[in-house]
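Peer 1: Let me give you the structure first, and then I'll get to my questions.
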Amino acid sequence: MNKDWALKENRIHGDPNYPASVYAVRCPPEERLLDLHWHEELEFLMITEGEAKLRIGARDYFLKTGEAVFVNAGELHSGQVAGGNPCSFLAVVFHASLLGSGPLDVIHEQYLLPLIRKAYRVPVHITLQSEPERELLAMLRRLFQAGSSREPALELTVKGLLCLAVSGLIGMKDAAEDEGPSGGGSDERLKAAIIYIEQHYSEPITLKSLAEAAAMNESYFCRFFRRMTSMTPVKYMNLYRVRQASLLLQRSDKKVMEIALNTGFNSLSYFNVMFKQHFGCTPAAYRKRARKSPSGSSAPAGAAAAWAKEDIRRHASLPH
């Protein structure tokens, strides 16, 4: 199984001694901003240019420039550019252990563990409408600025601002009651179905087998999958397969037909149509462009945003 496009991120954010990373992404309007994925870390994501539609759990959020979202540990999330202009965001992804001192720590027991277990609801969409939200957004801007300024004691600054941000978020928990359910146990069923796709994408996959993986009947599963992801199971399978194909085009000399077969397509013409629909060019043109690129990849930031983010540490030496 190729993990590069896995639904669950296998990227290490920072390292065990300092489990936090800051990322910057700019995405053209025709590309997907974030592919569906989840990770064990917490995340704050702020839109810095344009507008975006983010799906977190089973709910959609429309974000304008300057607004942010909070993504809890294990929460399924994805996103797309809203409108006809490019969209950029900054995100800090951090493990809860960064803020506490272990299982016996008061901060861990009293605040972090209930937050991760969703013992209460906190706001997901952080707007400019209330003073607590504006204060939280200001802290996030301060955090991102710290990463780009190389200021002294950067680790302490980032950790301190994250503590304040999480504290501010928890302080607004009563204001989140009208946001509705985020998905609950449905997330686990969806994850089971998509993990099945990841493990069997090179083989024929039936809706029946996906429904069985999610422990549902077939007719309900299709409605459930679309409600949770805003796409049909077949569309998601095609998306996953062409992403796997793009990696093979970059990294191997296999013929296009062989790559199509290896990624679950039994028709070269259908593979070409699906690939062009997503990447805007034929597989052959994609490979040619990738080999001309200094980085060896022609995929734009948005095409692989969840797994190929530009790391601010490259420019600002954010500690890891």
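Peer 1: Could you list all residues from the range 199-236 that are in a helix (DSSP H, G or I) and closer than 30 Å to Val122 by Cβ?
Peer 2: If the condition is that a residue be in a helix (DSSP H, G or I) and closer than 30 Å to Val122 by Cβ, then Arg223, Phe224, Phe225, Arg226, Arg227, Met228, Thr229, Tyr236 are the ones that fit.
Peer 1: Collect the residues in the range 115-146 that are within 21 Å of the chain's Cα centre (by Cα) and either over 23 Å from Leu76 (Cα atoms) or not in a helix (DSSP H, G or I) (or both), keeping them in residue-number order.
Peer 2: First, the residues of the range 115-146 that are within 21 Å of the chain's Cα centre (by Cα): 115-118, 121-127, 137, 140-141, 143-144.
The answer is Arg117, Lys118, Arg121, Val122, Pro123, Val124, His125, Ile126, Thr127, Arg141, Leu143, Phe144.
Peer 1: Anything in the range 130-153 that is charged (D, E, K, R), open to solvent by 60 Å² or more (accessible area, probe 1.4 Å) and over 14 Å from Leu90 (Cβ atoms)? List them, or say none.
Peer 2: Kept after step one, since they are charged (D, E, K, R), are these residues of the range 130-153: 131, 133-135, 141-142, 150-151.
From what's left, open to solvent by 60 Å² or more (accessible area, probe 1.4 Å): 131, 134-135, 141-142, 150.
Of everything in the range 130-153, those that are charged (D, E, K, R), open to solvent by 60 Å² or more (accessible area, probe 1.4 Å) and over 14 Å from Leu90 (Cβ atoms) turn out to be Glu131, Arg134, Glu135, Arg150.
Peer 1: I'd like the full set of residues that are hydroxyl-bearing (Ser, Thr, Tyr) and either in contact (Cβ under 8 Å) with a residue 60 or more places away in the chain or in contact with a Lys or Arg (Cβ under 7 Å, 6 or more places away or on another chain) (or both), limited to the range 124-172. Give the steps one after another, and end with the answer.
Peer 2: Just the residues of the range 124-172 that are hydroxyl-bearing (Ser, Thr, Tyr), to begin with: 127, 130, 148-149, 157, 167.
Result: Thr127, Ser148, Ser149.
Peer 1: Residue check: is Ala192 hydrophobic (A, V, I, L, M, F, W, C), touching a helix residue (DSSP H, G or I) at 6+ places or on another chain (Cβ under 8 Å) and open to solvent by less than 40 Å² (accessible area, probe 1.4 Å)? Explain how you work it out, then say what you get.
Peer 2: Values: hydrophobic (A, V, I, L, M, F, W, C): yes; touching a helix residue (DSSP H, G or I) at 6+ places or on another chain (Cβ under 8 Å): yes; open to solvent by less than 40 Å² (accessible area, probe 1.4 Å): yes.
Considered against the rule, which asks whether it is hydrophobic (A, V, I, L, M, F, W, C), touching a helix residue (DSSP H, G or I) at 6+ places or on another chain (Cβ under 8 Å) and open to solvent by less than 40 Å² (accessible area, probe 1.4 Å), Ala192 comes out as yes.
Peer 1: Filtering the range 233-278 down to residues that are under 20 Å from Thr206 (Cα atoms) and of a type in the set (Ser, Thr, Tyr), which residue is most open to solvent (accessible area, probe 1.4 Å)?
Peer 2: Tyr270
Peer 1: Exactly one of these conditions fails for Cys281: (1) among the hydrophobic types (A, V, I, L, M, F, W, C); (2) crowded, with 18+ Cβ neighbours inside 10 Å; (3) more than 15 Å from Met237 (Cβ to Cβ). Give me its number.
Peer 2: Just one mismatch for Cys281, condition (2).
Peer 1: Give the range 55-65 a look and list any residue that's crowded, with 16+ Cβ neighbours inside 10 Å and modelled with pLDDT of 95 or more, or say none.
Peer 2: Going residue by residue through the range 55-65, those that are crowded, with 16+ Cβ neighbours inside 10 Å are 55-58, 61, 63.
Residues satisfying the conditions are Tyr61, Leu63.
Peer 1: Only one residue in Pro123, Pro86, Pro114 is in contact with a strand residue (DSSP E or B) (Cβ under 9 Å, 6 or more places away or on another chain) and under 22 Å from Cys163 (Cβ atoms). Which one? Working first, answer last.
Peer 2: On the way: Pro86 fails: under 22 Å from Cys163 (Cβ atoms); Pro114 fails: in contact with a strand residue (DSSP E or B) (Cβ under 9 Å, 6 or more places away or on another chain).
It is Pro123.
Peer 1: Here's another thing I want to ask about it. When you scan the range 59-105, how many residues do you find that are of a type outside the set (Asp, Glu) and in a strand (DSSP E or B)?
Peer 2: Within the range 59-105, residues that are of a type outside the set (Asp, Glu) and in a strand (DSSP E or B) number 22.
Peer 1: Also, I was wondering about something else. Only one of (1) open to solvent by 40 Å² or more (accessible area, probe 1.4 Å); (2) within 15 Å of Asp35 (Cβ to Cβ); (3) modelled with pLDDT of 95 or more is not met by Tyr201, so which one is it?
Peer 2: Tyr201 satisfies every listed condition except (1).
Peer 1: Turning to a different aspect of this structure: Output the residues belonging to the range 154-176 that are over 19 Å from Phe89 (Cα atoms), at pLDDT 95 or above and open to solvent by less than 10 Å² (accessible area, probe 1.4 Å).
Peer 2: Within the range 154-176, Val166, Leu169 meet the criteria.
Peer 1: Kindly list, by first and then second residue, each pair from a residue in the range 234-261 that is among the hydroxyl-bearing types (Ser, Thr, Tyr) to a residue that is in a helix (DSSP H, G or I), limited to pairs with Cβ atoms under 6 Å and residues at least 6 apart or on different chains.
Peer 2: Short answer, once both residue conditions are applied: Tyr240/Ile197.
Peer 1: Next up: For the range 23-46, how many residues are open to solvent by 20 Å² or more (accessible area, probe 1.4 Å), closer than 19 Å to Phe275 by Cα and part of a strand (DSSP E or B)?
Peer 2: Within the range 23-46, residues that are open to solvent by 20 Å² or more (accessible area, probe 1.4 Å), closer than 19 Å to Phe275 by Cα and part of a strand (DSSP E or B) number 1.
The values are calculated or read from the model by the stated rules, or taken from the named source; none is laboratory data. Please read all numbers here as calculations on a predicted model, not as lab measurements. Cβ coordinates were reconstructed from backbone atoms using ideal geometry, including for glycine residues, and neighbour counts include every protein chain displayed. SASA here: full protein model, heavy atoms, side chains in, ligands and nucleic acids out. Shrake-Rupley method; radii C 1.70, N 1.55, O 1.52, S 1.80 Å.
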